[in-house]
Every structure is written in structure tokens, then in C-alpha cells.
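First up is the structure itself, then whatever we jot down about it.
The values are calculated or read from the model by the stated rules, or taken from the named source; none is laboratory data. A quick note: this is a predicted structure, and the numbers were derived from the prediction, not measured. Cβ coordinates were reconstructed from backbone atoms using ideal geometry, including for glycine residues, and neighbour counts include every protein chain displayed. These area figures cover heavy atoms from the full protein model, side chains too; ligands, DNA and RNA do not enter into them. Shrake-Rupley method; radii C 1.70, N 1.55, O 1.52, S 1.80 Å.
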Amino acid sequence: MGKLKNSESPWWWVPSLYVAEGLPYFAVNTLTVIMYTNMGVSLQEMAFFTGWLYLPWVIKPFWSPFIDLFKTKRWWILVMQFLMAIGMAGVAFFLPGEFFFTLTLIFFWLIAFCSATHDISADGLYLIALDSHHQAAFVGVRSTFYRVASIAGQGGLVLLAGYFETAFGDIPKAWAYVFVILSAFFFIMSLYHLWRLPTVKEDRSIKGVNRRTVIKDFFKTFATFFRKPGILAALAFMLLYRFPEALCIKIIQPFLLGSREIGGLGLTTAEAGLVNGTIGVVGLLLGGIAGGVAIARGGLRKLLFPMAASLTLPCIFYCFLAMWQPTNFVLISIAIFIEQLGYGFGFSAYMLYLLYFSRGESATSHYAFCTAFMAIGMMVPGMFAGHIFSYFEQMEFFAIEGSQGYINFFWSVVASSLLTFLVCSLIKIDPSFGKKTSDEQ
């Protein structure tokens, strides 16, 4: 097994580790949107404050170098999982209270920072515990179980909340039960990983390295990143390629759950969890697979604009859903499946470009900076999506009875796709990048 003993098969810990990596991310960035919407928090407040919860993943590259200075990656994983169990218990405890919004946000901040730190440590342990052969062999396993966490977090837990809402007739109590379950899961994970996470000699704090040298190396790497050719066009691409999605992400769930009188689709919590968190995620996964296959055949440069169109233009399905407000659940599911399928296809180009731009010296660190700018591009528009929606809610563009807020907002999202095509025209890509060579074919 290379660096591991035969008794320490990666099957014992890689799947569980990456489920534990994915669940808190989706709890913080998806469950909060649905939960606060159900509990009557205004769309503007919900979008703004849950948008800020994305910050730990934005600044993750800035504190990741310091994790190696203190303790081991295994220690960080175990402690973060235990702290996340405490954080989720805190959310459950304060949800039924009068000041639930402020108090639960505090615990979500704790969960978010612990989750981002857990990501750094888990990926680091994966790299040092496995040799190159097993890293390659298990890369699909870790990705698969992260997606399992995605379906469980965005679909299964929402379905569970919907069941509890029906059973108890009490929304705060229903969501409190969901977070009690999550808390118990992470407490069990911390105990399981205490038993099963590998202990390898390479996993230790770095000797002879101090804060000063880490800071010096960090700023040196940071400076080389901003001296890369085409940096301004690349930054524009990282920040704006996903701009339509960044606007949509905080509004879609309130749209699905909102009453038909205010322009929503009036789905139950369970139906929203099924259509967006399960059917939609399956579409996203299939689109991502198709995108990877397409780029391997045609290359990134050739497919960039078609993939940009695939990522942005299916947003028009939300426009039609808002205008017609269908009651047929199958029709709604098909529309969202197609939109997510297109998004998954187009997102492949974005992630591959980050790898392309990160090539060269300090590629790992430069890729971390790219993902930080990717996170900023999602966080900032999402924070202000509620205020943008409120602005369009006051305007009447279509001769349709009832509230036009969602209609106007989704059409503005489609219009914003022009930014995606603009930044695609600014970047330069080697025509052969991403394309299989004749030998590989």
C-alpha cells in the first residue's frame, strides 16, 4: 500500500472523510437558504447574511500554510469534526428561540471556518497518506462520495426537514431535528476517524519553519501569481464567468418555496429538496461528465463559447417557470434538470481553465488563489441578490397578473450572461490544452 500498512486500506477512511468534507459545506451554503426562508427571514437579509458565510472558503488559501506549523493534519481533521458537531448542536438548540437568526448565524460561522479548515487538512492527508498510484486510483472515489454528500445535503436532509415539518407542524422544531442528526453524525465521524484515519510519519508539523518564513514564502507566491501573463483577463474570467449563477443561487430556493400569490411555485420543503437537491444534482453530475468528455475530444479553446452558452442560457427555464407558474411537478423537475445539466456541462470549462492558468511554478498555490477568486465571484453577487430582486420587484415589464419580481429578476439573470461571453473573449488559451493527443486516443 505504499505509505500505508495493509490494514489501513483507503476504503476504510477515504469515503467517510469526503462525505464529512461535503456535508458541512452544503449545510452552510444550501440548508441555511431553505431553512431561513421557511422561517420567515426576509429574502434580502437571508441572501446577504448567508452570502457572508461563504467567506471562509474565500480566504482559505491565506491560512492553509499555517496548518502545517501546528499539530498534524489528522489532528486538525478530528478536532474540526468535533467542533462542527458542537456547532450543529448549537444551531439545533437556538433554532426555536426568539433570536434564532443572530444566534444560529454565529454557529454557522463556526461550522464554516471549521469546514474550510477540514477541507485543507483532509486534502493534505489524502496526498501524504497515499502514494501516486493510490491517489490516482481513489480520486474517483473521493469525488463520488463528495457528490453523495451533495445529494444527501441538498436533497436528503431537505426531504427529511419536509417530513418533520409535516409530522410536527412546527418549522423550527423540524429543522432543529435535522441539525441534531447532523451533530450526531459528526460526533460519530470524529470517533470513527480517531479509530480509522491513518497515522503516517510524513504527517507532522514542519521543523525549522516558523511564521516569518511562511509569511515570506506566501507573499512571494502571491506576487508571482499577479505577475502571470494575462492576469487581468484571467481575474475577470474567474470573477464573472459564473455571474448569472451567483445571482440565482440565493433566489432559486425562495422561488421554489414561495407562494404562488407572490410569484413562487409553492412547492413544499420536501418537493424542493427532491427537485433541486436530488434531480437537479443528478443533472449537474451528468453535465459535468459530458463536459469532461467533450473537452477531451475538442479541447478547451474550441468549446469555451459553446460551454459558456450551456452554462448561462438555460437560466431562461427559470424565466418560463416564473411566467407560467406550472403546477405539474414533473414539468418543473424536467426544467430544472435541463438547467442543471447545462450548467454542469458549462462549469467543466471553468474548472479546467483554473488548472490551465495555474500551470508552472507554484502551481498548487496558484490554483488555491484561483479558487479563492472563484469563491469571491460567487459570494459577492449572492450577497446582494436579495436587494437586486427587491429592485426588480417594483418594476413591471410584462403584462402578467400578480407579482413580477421573480419574472423580472430571472430575465435580468439571462441578460447578465453577456458578461460571461465578454470575459470568455478576453482570455487566451492554447488550442491543444485539454484535448487528447493522438497517442492517448
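State whether region 172-331 is rounded, prolate or oblate according to the following rule on the C-alpha gyration tensor (a ≥ b ≥ c being the square roots of its eigenvalues): a/c under 1.5 gives rounded; otherwise a/b larger than b/c gives prolate, and the remaining case gives oblate. Oblate, since a/c reaches 1.5 and b/c is not below a/b.
Round to the nearest 0.05 the FRET efficiency obtained for MET351 and MET323 when R0 = 30 Å and r is the Cβ-Cβ distance.
Numbers: r = 32 Å, r/R0 = 1.08.
Between MET351 and MET323 the formula returns 0.40.
A simple spin-label model places pseudo-atoms 7 Å from Cα toward Cβ; at ARG359 and ILE181 they are separated by 4.6 nm.
With r defined as the distance between the Cβ atoms of GLU261 and LEU313 and R0 fixed at 45 Å, what FRET efficiency is calculated, to the nearest 0.05? Numbers along the way, then the final one.
Values: r = 30 Å, r/R0 = 0.66.
Between GLU261 and LEU313 the formula returns 0.95.
I'd like the accessible area for VAL380: 1.4 Å probe, protein heavy atoms, all chains in place, Å² to the nearest 10. Its heavy atoms expose roughly 60 Å² to the probe. Using only Cα coordinates, the Kirkwood hydrodynamic radius of the chain works out to 22.9 Å.
The sum of -39500 (n - 2.57) across all DSSP H runs of n ≥ 4, divided by the residue count of the chain, sets its helix-only mean residue ellipticity at 222 nm to -24000 deg cm²/dmol.
If packing is taken as the mean number of other Cβ atoms within 10 Å per residue, what is the order of 72-80, 25-33, 328-336, highest first?
Working: 72-80: 21.6, 25-33: 24.4, 328-336: 15.1.
Packing proxy ranking, top to bottom: 25-33, 72-80, 328-336.
Normalising by residue count, region 256-308 has a Cα convex hull of 73 Å³ per residue. Quick one: grab the alpha carbon gyration tensor of region 149-233, order the square roots of its eigenvalues as a ≥ b ≥ c, and give me rounded if a/c is under 1.5, else prolate or oblate depending on whether a/b is larger than b/c. Taking the square roots of the gyration eigenvalues as a ≥ b ≥ c, region 149-233 is oblate. Only one residue of PHE93, ASN328, PHE108 has its Cα farthest out toward the positive end of the dipole of the chain, where Lys and Arg carry +1 and Asp and Glu -1 on Cβ, and that residue is PHE108.
Note: relative contact order over the chain, using C-alpha pairs below 8 Å and six or more positions apart, is 24 percent.
Only helices reaching 27 angstrom along their own axis (Cα) with mean Kyte-Doolittle hydropathy no lower than 0.5 count here, and for the DSSP H runs of the chain these are 73-94, 100-129, 171-196, 329-358, 363-393, 405-426. Full extension of the chain segment joining LYS428 with PHE219 gains 72.6 nm, where the gain is 0.36 nm per residue of separation less the Cα-Cα distance.
Rounding to the nearest 20 debye, state how big the charge dipole of the chain is about its Cα centre with +1 on each Lys and Arg Cβ and -1 on each Asp and Glu Cβ. Walk me through the intermediate numbers first.
Working: 29 positive and 24 negative charges, 372 e Å.
In total the dipole reaches around 1780 debye.
Cα gyration tensor of region 236-349, axes a ≥ b ≥ c as square roots of the eigenvalues: rounded (a/c below 1.5), prolate (a/b > b/c) or oblate?
Numbers: a/c = 2.54, a/b = 1.90, b/c = 1.34.
It is prolate, given that a/c is not under 1.5 and a/b is the larger ratio.
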